[in-house]
Structures are given as structure tokens and as C-alpha cells.
Amino acid sequence: MHALAYDSVHDEIIVNSPLAQAILIFRGGANGEEPPVRVIQGPRTQIQGTDYDGNDQMAYDEVHGEIYIPVDRNKILTFSREANGDVPPLRVLTGPNTGIRGSTRGHARVGVDPVHNLLIVTSPAAPGSGDGASMLIFDRTANGNVKPKSIINGPKTEVGGGSAAHAATDKGFIVAGCGAASICAWGINDKGNVPPRWKIPVQQITGVAPSGIALDPAHKEVIVTSGNRNRVMTFSWPEVF
Amino acid sequence: MKRMEALRQAMLERSLMRGRFDRRAMFGVAVTIVAFSISSSNTRAPDIATGYSGRLISIQSMQTDFGDMCYAERIDPFERNAALPAGNLFNAFDDTAHAAAQSTGNGVEIARPPVRTIRDTYPIYSSIAVDTQFNEIALQDTNLFGIKVFNRLENTPAGVEASKPVRVIEGRETDLEYNNGLYIDPQNGDIYSVASDTADNLIVFPRSASGNVAPSRQLKTPHRNFATAVDEEKGEVFITIQYPPKVVVYRKQAAGTEQPLRVLEGPRTGLSDAHGMAIDVQKKLMFVSNWGNSSDYQVAGSGQFHLPSITVYPLDAKGDTPPLRTIQGPKTQLDWAAAMAIDPDGGYVFMANDLGDSIIGFKETDDGDVAPSRIIKGDKTGLKNPTGVAVDGKNKELWVSSLGNSSASAFPLSANGDVAPVRTIRSAPAARTSVKFGKPQAVAYDSKREEYLVPN
């Protein structure tokens, strides 16, 4: 499992069920063998994993109460947090104009910036293109086969990496995994072949590579897991908050 | 220091949530979430309004390591080795597959270390195997990434931090990652192990292997393998694949990219998120435990949650063969059942019942919604999230490894109820609960409770 989210507004935990094509929502204080309060699952949901990664990515917008799920390698589904059962998504972002591609192992990565109303998708390079990965920035409510508002792409950008994208809303930074086992921050208005504004070279500093990322704006910290080293690290990063 | 102590207490005494949301409520998810409370303190970074300009802040790293075991040949398995193949865990993720080239721009690089690190420095045991010929126990460590071998009669005395293994296979060259499914060849002591989520292989070490050594043999397997069993009469090794669920059967000596002799797979098999497995070569039966998470990855919205089950097949089953019997229902107490082991003489199949903190035993002939005939559970047992189980038929003992407290315990093969083990091998101080990290790929921050939510 590669994603989960906490909704501080409604005090809930949102979790992917990777192999059962479902999204589970639990009480924030859930403990032990407690059932979810809601389950999004069924043919109308369009939730679809891959053989390798399953249904394992997700982003959550607690301001607008929406869950974003990349599926089938190149689709982004949006559900209401109140959705329950076999319900269709509110929106489906997919198509050649979007530029969204999955990786060789699974889905694109997704993040959301509810303050600036942006949806951020990290999309790997087209096979054989040599272009490198792209960060695609859409309107938060983008639907259908629409083009991104802007694209961060090029050799200077270092876009890519194994971590889910997130948004640091206060100052308009996008924080995500990037090249050389680092975490980087780009500005939401960045576009083209621009370097990240900030970079923490996690592997270089700690000897371990980052996996997941979560933000703690109140304490101006970024929490980073290392899936291949079995640890959780916390970095102070006041510059991005 | 005050903050470190607070976090240490939080990790030791509270906030360990290992949630399972399955079975009775009919909802399942293959994940556990550990919550860590983070206390606030005055050591946080200064709030600097830097805008888009960089500034280096000096902050002391406050590691939360609990200490380390002292092995004669302690190896740092985390050291990067450029010579390792790209698929190796110790290189995997370090360089991302689709990252662009190194920046040549003018972004600001921040070199400050983490202010806190949560890490367990004791072993976390996922699997166990018994070598009755050489009187040894092998334990798979999925935290320090190795195999530790102990004398079968080892019994860690009270007051001793941990027993010392007689051999440790650990390090960059071993290809041991988040492995599982230990098996020991009863003839020559070869140790078999499968990589459950990362390297997609079966690796074999000779009994004498020690230190940072490469396996003597590797076999490429499908992704998400979990358990192994070997039919010594026919020379075949069985491996469960969690998803898409299947059982693959290879020649015992298979290596490289050799293809399986047969595959049990398909909607009629009843396999769903397959995990543990055991075979009875006398009765020609194969038992598989299923967690119940089900979907066809090629069909959107096809996901379903089923009750966990044990499905029973003919030993030579292949293709889309339905089970002979299915043990399934609320009476079974199946609760994230991991490893399985057979006592062919007694006619029992034992399950390491992870979240039940128990070992449950069924008769090999059981069918349907039946209660286990044997339940080893309770305070006296010392079991904490047991995921490994092995039968020692020669010495009439049942061995159990506990993921939750870095230990392995031997019980009489006839044990039942809240009974104390006859021996326990500890690799961590008594009564210590493991952090229980298992490849934490994600994290969320619960701002209300100031807790980290870590799925595993």
C-alpha cells in the first residue's frame, strides 16, 4: 500500500484497498478491528488497479472533501468523501490531451492544492522519448480530456521520484519526490524546464531513499518514509510553509 | 532529550495501532497502520519567513533508535553498492526510473539532517523454519534484512537482552529484502527464502552460509510471492503468489528464469489474496490460506471482499481447479493468517494467526464454518503478531515466530490454550513490542492527535 490520507476537518482516515479495488474511510480515532464507516467499491466506481501495484495511490482534498485516485495507469478519478458503495466518480480526467501516463509498474502520482485549486499529476516519460517525467498542473476540477494549465518538464526540473505528490499550500510550493532520491519543492507557477526551488537530498544526507511524503504545516515539517529501509524521518523545512 | 524520551515512551507504550478491518465486518484491506504520537517541543526549527530564498538552518538530529544488537560480524545492509543490479532493494528507489537528469539550475539544496527518525534496530521476524537434522532454527528478519540461525535448544535467560545467533546471513550480497517463506531442506540443510514484495525471487543458501554472501541459487518468480513448501518425494517447490492469486510449482532445483511445472490459478480456485501454504505429501493435499481481498485487475470495479479462508486442493492441482474443501466463516477465527504448517501424523494444519495473536489448528479434514480444534493464545504464550509457524515432528514441537516482539517460541506439539512455551529465543529485550514497520511506503499526519499514520 502506497497511499493514505488524514482528513482533519472531518477527523477521518482515507485508505486504499490495493487488491480489492476499493477506498475505505475510517474514523480518525479508529483502532484495532474496527470496520470502515464508508466503502467505495463496485463496477460503477471504475476503480482499477494494476497487476503489479494494484490500487495503491490516492490524494485527498480536505477543503472540498474530495478523493483523487489514479487508476488504470492514465486516469484520475474524483470521488466525494461522502461517497459510499457502488457510486460513479464525480469527475474522470483522462485522454491524450491530458498527457497523463502511468509508469511501467503502475499509476501516475497525484496531489492536490485546495488553496490554489490545482491538481498536480506526476507523469512518467513516454517510453523511448528521452523527455523525462513531467509534472502536469491542472485546474482542481479538470474533467475529461483537457490539457494541463502548465507543465514542468525538462532536464533541469528533476521531476520524478518514487513519492506521491503533495502541495504546500501556504506559500504555493509543490513538494514531491524527485531525482537522485531527494524531495523537491517547485512553485505552483513554475513551468517548463526550471529547477526545483528547494531540494533536500534525502539519500545523500541519511543514506536511505525516500518513499512517501506527508506535510505537517503547523510545525513546518515534512515527514518522509523509506519503504526500502523501514523507517520514518522528519525534516524541518520552514522555507516551504 | 526530553522530546526523544517522549517519543521513545510513545513508541514503547502506546499508539501502536495495527488495524485489521476484515472478517466479521466483511471489509478487508491488506494494510496495517501504525500511529506514532509526536510531542511538540521547543526544539522545532525556527519559523523563518524566507519566501523563495534559501537559508541553512542547523538542527540536531534526534535519532530514536532503541539500540542495536551486537553481532560478531555486524554488517551495514544499507550501504549503497553501485554494483548491485537495478532490481535489488538496496538500490531500488535510490535512483528513480523516470526522474529527469541532475539539475543544472540554481535551486537551493538543503543539507540539514532529519530532526527525528523512527526506526527499529531489532529484528522483526516474518518466518521460521526448523532444521531437525542439525538442531537449528532459522528466522527471517525483515527489518535488518537477513536470516538468523539459532541452536534449536537456545532459551534466552531472563535478564539477558537477546540471544546470539550461531550464524547470520545479512548484507548487500545476500539479496535478502522483505523476505518470507523460509524452508530448510531436511537432507542438506539448504535454506530457501522468497522475497514477498520486492525482488520477486526464490533464493537458496547452503546451510553453512554466513555473513554477507550471495545465495547459491536464485529463481525468478512472479511478483508478490509469500510462502513456500517442498514436496521432497517429487522434488517440487510450491510458492504462493498473493495477487493475482496463484500457486506456482517449480522443480526443486529450478534456477534463473525457469518456468513453473504447473500453475493453480483462476476464478474457480477460490484463491483470493493467497498467503500461507502447507502440503501433506502423505495424503496428497495442498492447503492455502486466503485473506479474501479479490479483484480482476483487468476489469474496473471488480473488487470484492470475501471472508478469509483455507482452501484445500489435490497436491497436483493445476489450472482453474476448484478446491476440495473450504474452511471459511466466523467460527474459524482466521485473522490475517500468515504461515501454515502441517502435522501429518496428528492430522492438523496450523495457522500463524497474526492479528489474533494466536496459533489456530484445524483438522485436515475440516470443511466449512468450523471452529479450530486447537488454539494457542493468551498471556502465558508470549505470542505477539505471530506470522511464522513450523512443525518439528522429530521432537514433537511446534515453533512460532512473533513479528511483534522479535522472538520465536517452542511449544509441545500437543499444546492447546493459554500455555507457556517450553523455550523462547528472544532477539530483543523481554516485553518489548516491535515497531512493526514493514516497508512503509506512505505516511499521513493526523494533526488532531499529532500522530503519524504509517501503513505497512
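Looking across region B:162-220 at every residue that is within 14 Å of another protein chain (Cβ to nearest Cβ) and within 17 Å of B:GLY256 (Cβ to Cβ), the one that is modelled with the lowest pLDDT is identified as B:ALA199.
Scanning region B:389-415 for residues that are out of contact with any Pro (no Cβ under 8 Å at 6 or more places or on another chain), in a strand (DSSP E or B) and of a type outside the set (A, V, I, L, M, F, W, C) returns B:ASP392, B:SER407, B:PRO412. Restricting region B:239-261 to residues that are in a strand (DSSP E or B) and more than 23 Å from B:ASP296 (Cα to Cα) leaves a set whose member that is farthest from the other protein chains (Cβ to nearest Cβ) is B:ARG251. For region B:404-415, the criterion of being of a type in the set (A, V, I, L, M, F, W, C), modelled with pLDDT of 95 or more, closer than 21 Å to B:VAL288 by Cβ and buried (at least 24 other Cβ atoms within 10 Å of the Cβ) is met by none of the residues.
Here region A:215-241 is the region considered, the condition is being in a helix (DSSP H, G or I) and at the interface with another protein chain (Cβ under 7 Å from one of its Cβ atoms), and the residue that is surrounded by the fewest Cβ atoms within 10 Å (Cβ to Cβ) is A:ALA218. With respect to A:VAL110, is the statement that it is within 26 Å of A:VAL146 (Cβ to Cβ), more than 10 Å from every other protein chain (Cβ to nearest Cβ) and buried (at least 24 other Cβ atoms within 10 Å of the Cβ) true? For A:VAL110, the condition - within 26 Å of A:VAL146 (Cβ to Cβ), more than 10 Å from every other protein chain (Cβ to nearest Cβ) and buried (at least 24 other Cβ atoms within 10 Å of the Cβ) - is met.
Which residues, taken from region B:114-133, are surrounded by fewer than 22 Cβ atoms within 10 Å (Cβ to Cβ), assigned to a strand (DSSP E or B) and more than 10 Å from every other protein chain (Cβ to nearest Cβ)? Residue satisfying the conditions is B:ASP131 alone.
With a requirement of 3 or more residues that are within 23 Å of A:GLY212 (Cα to Cα) and at the interface with chain B (Cβ under 10 Å from one of its Cβ atoms), the strands (runs of 3 or more DSSP E) lying completely within region A:119-178 that satisfy it span A:173-178. Annotation: A:GLY32 fulfils all but one of (1) modelled with pLDDT under 95; (2) farther than 16 Å from A:ALA3 by Cβ; (3) surrounded by 18 or more Cβ atoms within 10 Å (Cβ to Cβ); (4) touching a Leu at 6+ places or on another chain (Cβ under 9 Å); the unmet one is (3). Might you let me know whether region A:65-85 holds any residue that is among the acidic types (Asp, Glu), closer than 21 Å to A:ALA214 by Cα and either in contact with a Pro (Cβ under 8 Å, 6 or more places away or on another chain) or in contact (Cβ under 8 Å) with a residue 24 or more places away in the chain (or both)? Yes - at least one qualifying residue is present in region A:65-85. Scanning region B:439-450 for residues that are crowded, with 23+ Cβ neighbours inside 10 Å and of a type outside the set (A, V, I, L, M) yields B:PRO440, B:GLN441, B:TYR445.
Identify all residues within region A:63-90 that are charged (D, E, K, R), part of a loop (DSSP other than H, G, I, E, B) and at pLDDT below 95; write none if there are none. Residues satisfying the conditions are A:ASP72, A:ARG73. Annotation: of all residues in region A:8-22 being closer than 15 Å to B:VAL454 by Cα and over 15 Å from the mean Cα position of the chain (by Cα), the one that is nearest to the other protein chains (Cβ to nearest Cβ) is A:SER17.
Restricting attention to region A:155-202 and to residues that are within 21 Å of A:ALA125 (Cα to Cα) and of a type in the set (Asp, Glu), the residue that is surrounded by the most Cβ atoms within 10 Å (Cβ to Cβ) turns out to be A:GLU158.
Scanning region B:142-179 for residues that are touching a residue at least 60 places away in the same chain (Cβ under 8 Å), in a strand (DSSP E or B) and more than 15 Å from B:VAL213 (Cβ to Cβ) turns up just one, B:PHE150.
Within the span defined as region B:385-398, one or more residues are over 16 Å from B:ASN151 (Cβ atoms) and touching a Gly at 6+ places or on another chain (Cβ under 6 Å).
Do the conditions hold for B:SER272, that is, is it small (Gly, Ala, Ser), under 21 Å from the mean Cα position of the chain (by Cα) and either at pLDDT below 95 or assigned to a loop (DSSP other than H, G, I, E, B) (or both)? Taking the combined requirement at face value, the residue satisfies it.
Screening region A:23-62 for residues that are assigned to a strand (DSSP E or B) and at the interface with chain B (Cβ under 9 Å from one of its Cβ atoms) and picking the one that is nearest to B:GLY303 (Cα to Cα) gives A:GLN41. Taking region A:192-214 as the range and being at the interface with chain B (Cβ under 7 Å from one of its Cβ atoms) and closer than 18 Å to B:PRO440 by Cα as the test, the residues that pass are A:GLN203, A:THR206, A:GLY207, A:VAL208, A:ALA209, A:SER211, A:GLY212, A:ALA214. Taking the conditions (1) under 23 Å from B:VAL149 (Cα atoms); (2) free of Cβ contacts under 8 Å to residues at least 12 places away in the same chain in turn, B:GLN259 satisfies each one other than (1).
Total residues in region A:107-131 satisfying the condition of being at negative phi and out of contact with any strand residue (DSSP E or B) (no Cβ under 6 Å at 6 or more places or on another chain): the figure is 8. If you check B:ASP379, B:ASP357, B:ASP369, B:ASP392 for being among the acidic types (Asp, Glu) and in contact with a helix residue (DSSP H, G or I) (Cβ under 6 Å, 6 or more places away or on another chain), only one passes: B:ASP369.
The values are calculated or read from the model by the stated rules, or taken from the named source; none is laboratory data. Source: prediction; values computed, not measured. Positions of Cβ are backbone-derived with ideal geometry, glycine not excepted, and every protein chain shown enters the neighbour counts.
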